[in-house]
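Notes to accompany the following structure.
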Amino acid sequence: MKNSLIISLFLFLFPLNCFCQEKNLSEIITSISEELAANNTDPESVAEFTERLGELSENPVILNSASESELSRLFFLSDFQISSLIDYIHSTGKILSVFEIAAIPGFDRQTVEIMIPFISLEGAPPQKKDTIRWNNNLLTNLSFKPSENDTTSVGSSVKLLTKYRFRAGGFSGGLTIEKDQGEKFLSGIPPLPDFLSANISYSGNGIIRKIIIGDYSARFGIGTNTNSGLRTGLSLSAPGFISTRNEIKQYTSSDENNFFRGIAASLSYKHIDLTVLYSRNNIDASYNDSDTTVERSVKTFLSGGMHNTNSLLNKKDAVSVEAFGVNLSGNYKNIRLGFTWSGDRFSLPVKPDRSSAESLFDFEGTRNNTYTLSYNALIKKNMFFGELSLNNNENSAFVQGISLRPADRLSVNFMYRNYAAGFFSFHGKGPASGSGTVNEHGLTATFSFEAAKHLFLSGGCDVYRSDWLKYRNSGPSGGVKKEIRLKYTPAETMTFELTYDYRMRMSDSEDSNGIPEQPGTTTRHYRFSFRYLLNENITITSRLDYNAVQPSGSNGVMLLQDLNYRFRKIPLSLWLRYCLFSTDDWDSRIYCYENDLLYSFSIPALSGKGSRSYIMLKYEIGKNAELRIKYGLTSAESGSGIIEGKSEIKAQFRIWF
């Protein structure tokens, strides 16, 4: 362990002696996903970022179209940035160079660098009227962990994922098949894959903008009413801010519960947009133990999607959810107003466990309706936005924000949110500090500043409080998040980044007698990273992380070295990582993003003392196929001081034509 630390430290301190490569698409997507999902360890959020960026790379946004629907596919841009792009193109004409974008109000070089892989300055290629060009994309992933053999699982330890996508003119569609580790591949009557998802879609430029049949996601406004797609997070230093754009989108993820299954249509006439949806989907849930098989009720909804034991299989598709939704919005000059109604009907009554006080306001019943008013307005260089939602019991969710542009290179954002303890929207996900938009009110402030040429400074603070009880809190509680990031790019081949992250969260003390005390647990995270591109074939990345947790005094440190190499004479690319970590306990764990299979993600949580390493190969088979193989190994000390290794093997085959 000591010798490995010396070797890794040498590589970290002398990175200029190594070789580096120009980033290829996989590394770009991984890097941007990590930046957009900063401090968000929700795997589904990161998977959504990764998949959307992958789709954008295959079908870049035609920047000079000046269409809001086309430009909005750049989901990581704020509403102000989209409006600025449209106004600039209308007033000055086509953008001729990507470097021109950095001079548009609301943009800087950092944002432009993120956009480059996903935009095109050329128009769509002309097609003959009698010709429709078909685009097909098929990939299959296989992964397993040789060191793990769970005899309690009902299926094999291999994880399988297959995705097929096609596009032909205005039509597109796809199919997703997945089997998690330990699950049966085929089950039920008739036997079907554990997860099977399909859809077909039509997109047009007339009154009918989009129709989707099958599985899809939807989002309206800020998302407190309906948001089954990309979660509106609260990253304090990532590019962009809260988006208020409406969207229905084909479902391509593998989350087995949070999506719509039915039909949705989006219509547009002049300045009026109308979206309607209907869905009926079966989701996982657990029953109340006191119920009989004749009269059952739902105790809680499940989101894991794992069905690798008989107990979990019994909870698969336990309840049917019928959903309706209507969104009507209109533009007047620079103001957009919207109204949304959504309704959910459950096939079984929902009866939460009332034995604990924290569940006093949890939803109970078979029906829920949510009504929402939303707006956003662009006034000169300032964007105002807000949303108010009410459910059946008149419990509310309220969000109000403002994005200010006091200077072309400075943006400042403020947002206030207030979610009542009894607010419930089954498909809603608004901006919040945690995973649920309920029982919380808070204030967020962020800024982004191009301090000098090649020097970017961003950060923010979020203060939140819950007035009612919740998990691990037997009384009112709160927390604070602070973050600041400094990024310096003195040359296109070199990037330095320094990040400071502060988290304070109240929770019950396990050592208290009687009414638990709620001391604040504070985590301070420091990160330094350095990327260097020596030529078009080799790249290196060095990174150092340090965690300090109080009042426990737990500490954690991680040191890693990445080497990415692309061979010149053969179509082979190579990714290598060696990482050392040492943490006192789970509280000081460190999350570390990894390059992974295309459209996939990997965020291991490193805890204890050990090392993490992997090697990934990509071999290009002609111009229309590729094969990727990844082998990862985590070695850590057990409680008895013995080094235990856990390995994982992944493979992916992809073909497109």
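The values are calculated or read from the model by the stated rules, or taken from the named source; none is laboratory data. Nothing here was measured: the structure is a model prediction, and the numbers come from that model. A quick note on method: Cβ atoms are made from the backbone with ideal geometry, for glycine too, and the neighbour counts reach across all protein chains shown. Side chains are part of the model used for accessible areas, which takes the heavy atoms of the whole protein and leaves out ligands, DNA and RNA. Shrake-Rupley method; radii C 1.70, N 1.55, O 1.52, S 1.80 Å.
Identify the residue in segment 365-391 that is among the β-branched types (V, I, T) and over 27 Å from the mean Cα position of the chain (by Cα) and, among all such residues, is surrounded by the fewest Cβ atoms within 10 Å (Cβ to Cβ).
Just the residues of segment 365-391 that are among the β-branched types (V, I, T), to begin with: 366, 370, 372, 379.
Right, trim to over 27 Å from the mean Cα position of the chain (by Cα) and you get 366, 379.
Values: T366: 13, I379: 10.
Filtering first and then ranking leaves I379.
Given the residues T437, T444, T489, which is the only one that is in contact with a Cys (Cβ under 8 Å, 6 or more places away or on another chain) and open to solvent by less than 30 Å² (accessible area, probe 1.4 Å)?
Details: T437 fails: in contact with a Cys (Cβ under 8 Å, 6 or more places away or on another chain); T489 fails: in contact with a Cys (Cβ under 8 Å, 6 or more places away or on another chain).
Only one candidate passes the filter, namely T444.
Going through segment 287-301 one residue at a time, which ones are surrounded by fewer than 17 Cβ atoms within 10 Å (Cβ to Cβ) and touching a helix residue (DSSP H, G or I) at 6+ places or on another chain (Cβ under 9 Å)?
Answer for segment 287-301, where residues must be surrounded by fewer than 17 Cβ atoms within 10 Å (Cβ to Cβ) and touching a helix residue (DSSP H, G or I) at 6+ places or on another chain (Cβ under 9 Å): there is none.
Check segment 223-242 and report whether any residue there is open to solvent by 10 Å² or more (accessible area, probe 1.4 Å), hydrophobic (A, V, I, L, M, F, W, C), within 18 Å of E55 (Cα to Cα) and at pLDDT 90 or above.
Checking segment 223-242: not a single residue is open to solvent by 10 Å² or more (accessible area, probe 1.4 Å), hydrophobic (A, V, I, L, M, F, W, C), within 18 Å of E55 (Cα to Cα) and at pLDDT 90 or above.
Residue under question is G460, and the condition is that it be of a type in the set (G, A, S), touching a residue at least 40 places away in the same chain (Cβ under 8 Å) and crowded, with 16+ Cβ neighbours inside 10 Å; does it hold? Write out each step before concluding.
On the way: of a type in the set (G, A, S): yes; touching a residue at least 40 places away in the same chain (Cβ under 8 Å): yes; crowded, with 16+ Cβ neighbours inside 10 Å: yes.
Criteria met by G460.
Would a scan of segment 271-286 turn up a residue that is more than 19 Å from K429 (Cα to Cα), at pLDDT below 90 and surrounded by fewer than 16 Cβ atoms within 10 Å (Cβ to Cβ)?
Scanning segment 271-286 turns up at least one residue that is more than 19 Å from K429 (Cα to Cα), at pLDDT below 90 and surrounded by fewer than 16 Cβ atoms within 10 Å (Cβ to Cβ).
Could you please find all residues in segment 499-533 being closer than 29 Å to G442 by Cα, among the hydrophobic types (A, V, I, L, M, F, W, C) and surrounded by 14 or more Cβ atoms within 10 Å (Cβ to Cβ)?
M504, M506
Select from segment 392-411 the residues that are within 25 Å of E364 (Cα to Cα) and surrounded by fewer than 24 Cβ atoms within 10 Å (Cβ to Cβ) and list them in ascending order.
Within segment 392-411, N392, N393, E394, N395, S396, F398 meet the criteria.
Matching residues to (1) touching a His at 6+ places or on another chain (Cβ under 6 Å); (2) in a loop (DSSP other than H, G, I, E, B); (3) of a type outside the set (S, T, N, Q); (4) more than 17 Å from K179 (Cα to Cα):
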| position | (1), (2), (3), (4) |
| --- | --- |
| D291 | no, yes, yes, yes |
| E295 | no, yes, yes, yes |
| T300 | no, no, no, yes |
| G304 | no, yes, yes, no |
| N308 | no, yes, no, no |
| D317 | no, yes, yes, no |
| V321 | no, no, yes, yes |
| F324 | no, no, yes, yes |
| N327 | no, no, no, yes |
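Considering only residues that are among the β-branched types (V, I, T), part of a loop (DSSP other than H, G, I, E, B) and open to solvent by less than 60 Å² (accessible area, probe 1.4 Å), which ones fall in segment 144-176? Outline the logic, then answer.
First, pick out the residues of segment 144-176 that are among the β-branched types (V, I, T): 151-152, 154, 158, 162, 176.
Within this subset, residues satisfying the condition of being part of a loop (DSSP other than H, G, I, E, B) are 151-152, 154, 158.
Within segment 144-176, V154, V158 qualify.
Which members of segment 582-598 meet the condition of being polar (S, T, N, Q) and open to solvent by less than 30 Å² (accessible area, probe 1.4 Å)? Spell out the reasoning first.
Our first condition is that a residue be polar (S, T, N, Q); within segment 582-598, this holds for 582-583, 588, 595.
Answer for segment 582-598, where residues must be polar (S, T, N, Q) and open to solvent by less than 30 Å² (accessible area, probe 1.4 Å): T583, S588, N595.
In contact with a Pro (Cβ under 9 Å, 6 or more places away or on another chain) and within 21 Å of I643 (Cβ to Cβ) - does that describe any residue in segment 596-603?
Within segment 596-603, the subset in contact with a Pro (Cβ under 9 Å, 6 or more places away or on another chain) is 601, 603.
Applying the additional criterion that residues be within 21 Å of I643 (Cβ to Cβ) yields none.
Checked segment 596-603: no residue is in contact with a Pro (Cβ under 9 Å, 6 or more places away or on another chain) and within 21 Å of I643 (Cβ to Cβ).
Looking only at segment 599-644, count every residue that is open to solvent by less than 50 Å² (accessible area, probe 1.4 Å), farther than 23 Å from L544 by Cα and either of a type outside the set (D, E, K, R) or out of contact with any strand residue (DSSP E or B) (no Cβ under 8 Å at 6 or more places or on another chain) (or both) and tell me the total. Explain how you work it out, then say what you get.
Filtering segment 599-644 for residues open to solvent by less than 50 Å² (accessible area, probe 1.4 Å) gives 599-600, 602-608, 610-614, 616, 618, 625-626, 628, 630, 632, 634-636, 638, 641.
Imposing the further condition that a residue be farther than 23 Å from L544 by Cα reduces the set to 599-600, 618, 625-626, 628, 630, 638, 641.
Filter again for either of a type outside the set (D, E, K, R) or out of contact with any strand residue (DSSP E or B) (no Cβ under 8 Å at 6 or more places or on another chain) (or both), leaving 599-600, 625, 638, 641.
The qualifying residues number 5.
The rows are residues; the columns are (1) under 30 Å from G173 (Cβ atoms); (2) open to solvent by 20 Å² or more (accessible area, probe 1.4 Å); (3) modelled with pLDDT of 75 or more; (4) among the small types (G, A, S).
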residue: L11; (1), (2), (3), (4): no, yes, no, no
residue: N17; (1), (2), (3), (4): no, yes, no, no
residue: V46; (1), (2), (3), (4): yes, no, no, no
residue: L53; (1), (2), (3), (4): yes, no, yes, no
residue: L63; (1), (2), (3), (4): yes, no, yes, no
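Would you check which residues across segment 337-352 are touching a strand residue (DSSP E or B) at 6+ places or on another chain (Cβ under 6 Å) and more than 17 Å from T224 (Cα to Cα) and list them?
If we filter segment 337-352 for residues that are touching a strand residue (DSSP E or B) at 6+ places or on another chain (Cβ under 6 Å), which is where we start, we get 337-350.
Result: R345, F346, S347, L348, P349, V350.
Quick check on my filter: what residues within segment 74-98 are more than 22 Å from G330 (Cβ to Cβ) and either touching a strand residue (DSSP E or B) at 6+ places or on another chain (Cβ under 8 Å) or surrounded by fewer than 21 Cβ atoms within 10 Å (Cβ to Cβ) (or both)?
L74, F75, Y88, I89, S91, T92, G93, K94, I95, L96, S97, V98 - these are the residues of segment 74-98 that are more than 22 Å from G330 (Cβ to Cβ) and either touching a strand residue (DSSP E or B) at 6+ places or on another chain (Cβ under 8 Å) or surrounded by fewer than 21 Cβ atoms within 10 Å (Cβ to Cβ) (or both).
Check off (1) outside any strand (DSSP E or B); (2) out of contact with any helix residue (DSSP H, G or I) (no Cβ under 9 Å at 6 or more places or on another chain) for M558 and give me the number that stays unchecked.
Here M558 clears every test but (1).
Among the listed residues L77, L85, L139, which satisfies the condition of being modelled with pLDDT under 85, among the aliphatic types (A, V, I, L, M) and either outside any loop (DSSP other than H, G, I, E, B) or out of contact with any Lys or Arg (no Cβ under 9 Å at 6 or more places or on another chain) (or both)?
Details: L85 fails: modelled with pLDDT under 85; L139 fails: modelled with pLDDT under 85.
Unique residue meeting the criteria: L77.
Given the structure, is F426 open to solvent by 20 Å² or more (accessible area, probe 1.4 Å) and touching a residue at least 24 places away in the same chain (Cβ under 8 Å)?
Yes.
Output the number of the condition that N257 fails; it satisfies all remaining conditions of (1) open to solvent by less than 60 Å² (accessible area, probe 1.4 Å); (2) over 23 Å from R219 (Cβ atoms); (3) assigned to a loop (DSSP other than H, G, I, E, B).
If we test N257 against (1) open to solvent by less than 60 Å² (accessible area, probe 1.4 Å); (2) over 23 Å from R219 (Cβ atoms); (3) assigned to a loop (DSSP other than H, G, I, E, B), just (2) comes out false.
Part of a strand (DSSP E or B) and farther than 27 Å from V276 by Cβ: is that true of F384 in this structure? Write out each step before concluding.
Numbers: part of a strand (DSSP E or B): yes; farther than 27 Å from V276 by Cβ: yes.
The answer is yes for F384.
Could you tell me which residue of segment 303-340 is surrounded by the most Cβ atoms within 10 Å (Cβ to Cβ), considering only residues that are under 30 Å from D87 (Cα atoms) and of a type in the set (V, I, T)?
Filtering segment 303-340 down to residues under 30 Å from D87 (Cα atoms) leaves 326-340.
Cutting the leftovers down to of a type in the set (V, I, T) gives us 326, 335, 340.
Numbers: V326: 14, I335: 13, T340: 25.
Residue satisfying both the conditions and the ranking: T340.
Can you pull out every residue in segment 633-656 that is without any contact (Cβ under 8 Å) to a residue 40 or more places away in the chain and either under 30 Å from G622 (Cα atoms) or within 27 Å of the chain's Cα centre (by Cα) (or both)?
Going residue by residue through segment 633-656, those that are without any contact (Cβ under 8 Å) to a residue 40 or more places away in the chain are 633-644.
Across segment 633-656, the qualifying residues are L633, T634.
Using beta carbons and a limit of 7 Å, which pairs, at least six apart or on different chains, have the first residue in segment 93-118 and closer than 19 Å to S411 by Cα and modelled with pLDDT of 80 or more and the second one open to solvent by 10 Å² or more (accessible area, probe 1.4 Å) and among the polar types (S, T, N, Q)?
Pairs that qualify, where the first residue is closer than 19 Å to S411 by Cα and modelled with pLDDT of 80 or more and the partner is open to solvent by 10 Å² or more (accessible area, probe 1.4 Å) and among the polar types (S, T, N, Q), are I104/S84.
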